[in-house]
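So the structure is just underneath, and the comments pick up after that.
The values are calculated or read from the model by the stated rules, or taken from the named source; none is laboratory data. Computed from a predicted structure; not experimentally measured. FYI the Cβ positions are ideal-geometry reconstructions off the backbone, even for glycines, and counts take in every protein chain you see.
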Amino acid sequence: MSNAVTITPELASFSKEIKDLNLTPLWERTVSQQPGTPCKGKIWSWSDLEPKLLESTRLIGTKDAERRVLMLENPVLPGTSFSTQTLFTGLQIILPGEVASAHRHTPNALRFVVKGKGAYTSVEGERTMMSPGDFIVTPNWAWHDHGNIGNEPVVWMDGLDSAFTKFFGATFREDYPVDVQPLYRSEGDAIATFGSALLPVEYKFEGHASPLLVYPYARTREALHHLQKTQAAHPSHGVKLRYANPANGKYPFPTMAAFMQLLPKGYCGRPYRTTESQVFNVAEGHGSVKVGDETFHFGPHDIFVVPPWNTVSFDVGEDCVVFSYTDRAAQDALGFLREEML
């Protein structure tokens, strides 16, 4: 604990004088030296979100909005577009026949498909079809566009590390000359090349994000159930898997980690806290989560955030499957990460 400084008249006069030089004495610092942020735990219920998404399709088209996205802002961060101080979260909806035109940007982006079939995303010349529960990677500065060739609306969650590029003053964005980029790789090429724990002999990983563009939900679900049969549930996380970059075993992005966890029926988790900012999206099941002193009841497609160093614990009466993404990759790389069970 630092000692309190007695502010004498001479010290007060000195502090006043140096302000004209844009100097401030460290001994008068009021910035918190404790973990955590001002962000609050918050849940967005699908029952509130879905009607607003559908209403937005009647009010604005993709030609006007380019991306029809509702941003989920933390209550203490109005006007920032961020759900936590490090993460962007949005819900995007696309109707049959629509195209969200091609562009690229410095932030990395992930997609977690919430509802509907028939939509695709094209990344660097390869089209990937979307199904509910799929986790999709869009590396930074990669050309990407979306379209819906099905017969129903499709909704997915966008997660971006745009807070990082904003912090560093490194946010760039560029439009493709036409709405849809040319496809020069066959559909399924990335998963055929990188999705079987095998790499081409001559392959050298030179990027920053995972070269595997889609992690299908069916495979993830199968892996979770296998793990459930072979090992005991973690006291705080249940049965939890992290998505890995098959080229190096690390996180899918240099800044963001992504996970899927199975909370088995009757699971009551031990409180846990971490310095990560965490965003959760419920794929299946109903239950409750306690974030700090607040308890949120959740169901399928609900989204909730857990700010850094807030305790979190789960209590479920049925099997639940929950996707999440966090800033763990960046914190791990920088040596900032701290976590503990309570």
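The set of residues in segment 288-342 being small (Gly, Ala, Ser) and touching a Phe, Trp or Tyr at 6+ places or on another chain (Cβ under 6 Å) consists of Ser324, Ala329.
Quick grid of which residues meet (1) polar (S, T, N, Q); (2) over 26 Å from Val123 (Cα atoms); (3) in contact with a Phe, Trp or Tyr (Cβ under 9 Å, 6 or more places away or on another chain):
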| position | (1), (2), (3) |
| --- | --- |
| Ser32 | yes, yes, no |
| Gly41 | no, yes, yes |
| Lys52 | no, yes, no |
| Leu59 | no, yes, no |
| Leu95 | no, no, no |
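Given the structure, is Tyr267 within 27 Å of Asp319 (Cβ to Cβ) and touching an Asp or Glu at 6+ places or on another chain (Cβ under 8 Å)?
Against the criterion (within 27 Å of Asp319 (Cβ to Cβ) and touching an Asp or Glu at 6+ places or on another chain (Cβ under 8 Å)), Tyr267 qualifies.
Just one residue in the set Leu53, Leu95 is of a type in the set (A, V, I, L, M), crowded, with 16+ Cβ neighbours inside 10 Å, within 27 Å of Ser288 (Cα to Cα) and touching a strand residue (DSSP E or B) at 6+ places or on another chain (Cβ under 8 Å); that residue is Leu53.
Apart from one condition, Pro216 fits all of (1) at pLDDT 95 or above; (2) surrounded by 14 or more Cβ atoms within 10 Å (Cβ to Cβ); (3) farther than 25 Å from Arg104 by Cβ; the exception is (3). In segment 279-318, the residue that is nearest to the chain's Cα centre (by Cα) out of those that are touching a residue at least 24 places away in the same chain (Cβ under 8 Å), surrounded by fewer than 17 Cβ atoms within 10 Å (Cβ to Cβ) and not in a strand (DSSP E or B) is Pro300.
Taking the criterion of being at pLDDT below 95, on the phi < 0 side of the Ramachandran plot, assigned to a loop (DSSP other than H, G, I, E, B) and not aromatic (Phe, Trp, Tyr), the residues of segment 188-210 that qualify are Gly195, Ser196, Leu198, Leu199, Pro200, Val201, Glu202, Lys204, Glu206, Gly207, His208. Scanning segment 216-231 for residues that are closer than 19 Å to Tyr120 by Cβ, part of a helix (DSSP H, G or I) and not small (Gly, Ala, Ser) yields a count of 2.
Of the residues making up segment 222-273, those that are among the aliphatic types (A, V, I, L, M), within 30 Å of Gly36 (Cα to Cα) and in contact with a strand residue (DSSP E or B) (Cβ under 6 Å, 6 or more places away or on another chain) number 9.
Condition check for Ser236 on (1) within 30 Å of Thr193 (Cβ to Cβ); (2) assigned to a loop (DSSP other than H, G, I, E, B); (3) among the hydroxyl-bearing types (Ser, Thr, Tyr): one failure, at (1). Among the criteria (1) under 22 Å from the mean Cα position of the chain (by Cα); (2) buried (at least 18 other Cβ atoms within 10 Å of the Cβ), the one Gly169 does not fulfil is (2). State yes or no: is Thr80 within 17 Å of the chain's Cα centre (by Cα), within 28 Å of Phe298 (Cα to Cα) and part of a strand (DSSP E or B)? In short, no.
Note on segment 130-146: residues that are of a type outside the set (Phe, Trp, Tyr), in contact with an Asp or Glu (Cβ under 9 Å, 6 or more places away or on another chain) and assigned to a loop (DSSP other than H, G, I, E, B) total 4. Of all residues in segment 6-35, those that are under 30 Å from Thr275 (Cα atoms) have Cβ atoms under 7 Å from Cβ atoms of residues that are in a helix (DSSP H, G or I) and among the hydroxyl-bearing types (Ser, Thr, Tyr), 6 or more apart or on another chain, in Pro25/Ser15; Glu28/Ser15. Starting from segment 164-176, keep only residues that are more than 13 Å from Arg104 (Cβ to Cβ), then list their pairs with residues that are of a type in the set (Gly, Ala, Ser) and surrounded by 12 or more Cβ atoms within 10 Å (Cβ to Cβ) whose Cβ atoms are within a distance under 9 Å, requiring at least 6 positions of separation or different chains. Going by the 9 Å Cβ cut-off, the qualifying pairs are Phe164/Ala330. Among the residues of this structure, Pro139 counts as one that is buried (at least 19 other Cβ atoms within 10 Å of the Cβ) and either closer than 20 Å to Pro107 by Cβ or within 19 Å of the chain's Cα centre (by Cα) (or both).
Restricting segment 58-86 to residues that are touching a Lys or Arg at 6+ places or on another chain (Cβ under 7 Å) and modelled with pLDDT of 95 or more leaves a set whose member that is surrounded by the most Cβ atoms within 10 Å (Cβ to Cβ) is Asn74.
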